[in-house]
1. Each label point is 7 Å from the Cα along the Cα-to-Cβ direction; what then is the distance between the points at ASP288 and GLN80, in nm?
2. Under 15 Å from the Cβ of GLN158, count the other residues' Cβ atoms, weight Lys and Arg +1, Asp and Glu -1, and hand me the total.
3. Where does each of 174-182, 103-111 land if you order them by average Cβ count within 10 Å, highest first?
4. To the nearest 10 degrees, how steeply does helix 185-196 sit against the main Cα axis of the chain, on a 0 to 90 scale?
5. What is the spin-label model distance, in nm, from PHE199 to GLU52 if the labels are put 7 Å beyond Cα along the C-beta direction?
6. Match the structure shown to one of the listed values [x] 26.1, 81; [y] 23.5, 75; [z] 19.6, 57 of Rg and Dmax of the Cα atoms in Å, computed from it, and give that label.
7. Tell me the angle of helix 67-77 to the major Cα principal axis of the chain, expressed in degrees between 0 and 90 and rounded to the nearest ten.
8. Would you work out which of ASN262, LEU287, GLY327 lies farthest towards the positive end of the dipole of the chain? Charges go on Cβ: Lys and Arg +1, Asp and Glu -1.
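Just so it is clear, none of the values below were taken in a lab; they were calculated from the coordinates. Values in this document were obtained by computation on a predicted structure and should not be read as measured data. With ideal geometry, Cβ positions are generated from the backbone for all residues, glycine too; neighbour counts draw on all protein chains shown.
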Amino acid sequence: MAAFFGETRVLRRTERSTAQDEYSIDDSGPGYDPSAESVVRVARRGKPGRVEPVFVTGERPQPGRPLREEYARMLTSHPQFARTAVNLLWSEMFGVGIVDPPLEFDLDRLDPADPPSEPWALQPTHPELLEELAQYFRDHDHSFKSILRLIARSSAYQLSSSFPGEWDAAYAPYYARRFARRLKAEEVYDSIVGATNLFVEIPIPGTDRRVRHAHDVYAPDDFRGNDLKELHFFLEAFGQTNREYSERSNEGEITQAVLLMNSPFVLGRVKAAEGSYLAGLLADEDLDDDTRITRLYQRFLIRNPTEAELAGARSVVAGNMATPSAGWEDLQWLLLNTVEFVHNY
């Protein structure tokens, strides 16, 4: 399999003025030699000589065709490629895969027409659904937009996380309700700056671009500048991945709660600073306090407050008169620190 990339060369040039690496790629290399020197730490110990590429199924590339293109053709034509792709997307959308964990497929336990011997069971919770989604993905030229649109329009995805009646754990495999999940690191960050309308300009190293959202940066390391260390720590605490040294995690930790309550980033966002959503609400003299409270609930939690919440919010607003906006800032802080704010319901 490695031999498919044996002719591929990655040529790196460093621009001294910016210390940025630039890369060019071509396919003029000598081929894969298992005895040649390696740039990774583990030395190669194979026999000398060029190894010809063979796909995992035993298929060989067509003569004269570019090896990387042949590899892509074989990979995408393999039935497991579509299954794995749609299962990963399903897992992202629902929080649990049809095969879960989503990267631990057992190819001998997928076919309901040829089930495994006892005590093994079929691995997919819904094998027919998995195959239908995979075929749809193939039929639509492996379009991510197409398959995501199909999943988002399904009745399973559009269910509420609340369940009318007594919930039984046995209902879970049937997607009888939506499963709440904690927002990912970038989603938490973008939700905070989006709700408050107080953004941090994030420079992209080596360019003149500046972005406002974590989803728009080129890499997690874009947050590692001296002025952004606090944001980098915030995102890492919420499980942001970095391919160099960490995997993504969506687990909860006490550090996350501490940061939501006390980090300079959060405390700065809840202020009624110029240009903030809160400053605009307070400046609109046509709005009464109940309307302002309702607008904040809609902004932060995407719903209206209950009567009890409305009464509690009035008390919070009136309870801190240190400045005209202090009580409102407290309310924003409370909304941002609800479990509901950092979860997708």
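1. 6.5 nm
2. After counting each charged neighbour, the total is +4.
3. 174-182, 103-111
4. With rounding to tens, the tilt is 30 degrees.
5. Calculated label separation equals 5.6 nm.
6. Only one option fits the structure, namely [x].
7. 70 degrees
8. Of the listed residues, the answer is ASN262.
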